[in-house]
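A quick write-up on the structure given underneath.
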Amino acid sequence: MPDGSGSWNVILDNIDMLLKKTNDIKLTIRCNIDKTNKNDYQVLKEKLKTKWGEHSNYYIYPAVLRDHGTDHSSQCNFFSNQEASEFLLEESIKNNQVTYFSLHPPGCVATQLNSYLIGPDGEFYKCWNDLGRTDKVFGSVFTPYKINQKFIFDYIISPSVFTDKNCQDCVFFFVCEGGCQWQRLKDMEENKPISTCVFAKNQLTKYLEAYYSQKMAKKKQDFYD
Ligand code: SF4
């Protein structure tokens with residue numbers, strides 16, 4: 001809060017209000033995770049379930065934090081790709097939510113043509129990581145005909161899973177979003193590739209075994225019900 005006090009209760013009260021008022025808005029709560037709070041995620045999840053259990057229109061998910069301030073995302077409190085992969089698989093197993101890979105088109109806000117972020121002064125950005133960076137502004141709601149189109153197309157099509165040789169040869173091609181486009185662009189500019197691969201790739205066998213066990217357990221359960 002501007003006066004330095006915490007915003008926890010304010011956020012919870014606001015969510016409370018929203019959930020009581022309508023079922024029409026699906027609320028997604030992103031919980032940022034790194035090594036320092038990885039054990040708190042489950043606790044928070046249980047707390048929120050106790051609080052809002054009867055509401056089905058909210059969903060909480062763990063978002064693995066990345067260190068965009070350095071060249072490597074495995075430093076200090078940040079997970080390495082392997083650690084992130086292990087954490088996410090463990091969480092899915094604990095919650096019976098190991099999902100099978102599904103076909104979906106690659107992309108996020110950064111790679112979709114009509115998705116933008118609008119800053120407090122009406123300025124346009126293409127990615128959350130750029131918010132507040134004046135060198136990443138490509139237009140404004142106040143001057144809609146003055147848009148830096150090259151900037152947009154850099155984000156949308158250059159580079160992409162479709163042109164990346166590793167992706168073309170990868171078994172995950174049709175089920176992977178190709179990872180963070182912001183990171184891909186950064187890597188291209190700096191010529192320092194960092195893996196943007198889907199976390200499950202780090203332990204595919206474990207992942208598939210967990211999915212199989214979960215499916216078998218459910219079948220058994222259905223049989224006895
Ligand atoms: S897992 Fe990695 S190599 Fe495979 S399609 Fe995704 S980004 Fe490309």
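The values are calculated or read from the model by the stated rules, or taken from the named source; none is laboratory data. The structure presented is a predicted model; accordingly, all values stated were derived computationally and were not measured. Using ideal geometry, Cβ is built from the backbone for each residue, glycine included, and neighbour counts are taken over all protein chains shown. Calculation scope for accessible area: heavy atoms of the full protein, side chains included, ligands and nucleic acids excluded. Shrake-Rupley method; radii C 1.70, N 1.55, O 1.52, S 1.80 Å.
Couple of notes before you dig in:
- DSSP bridge pairs, the chain: antiparallel proportion in percent, nearest 5: 30 percent
- Rounded to the nearest 500, the 222 nm mean residue ellipticity of the chain from helices alone is -12000 deg cm²/dmol, with -39,500 (n - 2.57) taken per DSSP H run of at least 4 residues.
- Distance violations [Cα-Cα > 27 Å] among Lys35/Lys206; Lys47/Lys94; Lys21/Lys47; Lys35/Lys220; Lys35/Lys165; Lys38/Lys192: Lys35/Lys220; Lys35/Lys165; Lys38/Lys192
- In units of the compact-protein estimate 2.2 N^0.38 Å, the chain shows a Cα radius of gyration of 1.18.
- Largest accessible area first, the residues Arg133, Arg66, Arg184 order themselves as Arg133, Arg66, Arg184 under a 1.4 Å probe with ligands, DNA and RNA left out.
- Charging the Cβ of each Asp and Glu at -1 and of each Lys and Arg at +1, and nothing else, the dipole of the chain about its Cα centre rounds to 500 debye.
- Per residue, the chain exposes 67 Å² of accessible surface when a 1.4 Å probe is rolled over the protein heavy atoms with every protein chain present.
- Of all accessible heavy-atom area on the range 63-174, the percent that carbon and sulfur account for (1.4 Å): 57 percent
- In order along the range 195-207, the Karplus-derived 3J(HN,Hα) couplings, from 6.51 cos²θ - 1.76 cosθ + 1.60 at θ = phi - 60°, round to 4, 10, 5, 4, 4, 4, 4, 5, 8, 4, 4, 4, 4 Hz, and Gly and Pro are given as x.
- Global geometry of the range 133-225, whether rounded, prolate or oblate, following the gyration tensor of its Cα atoms and the 1.5 cut on a/c: prolate
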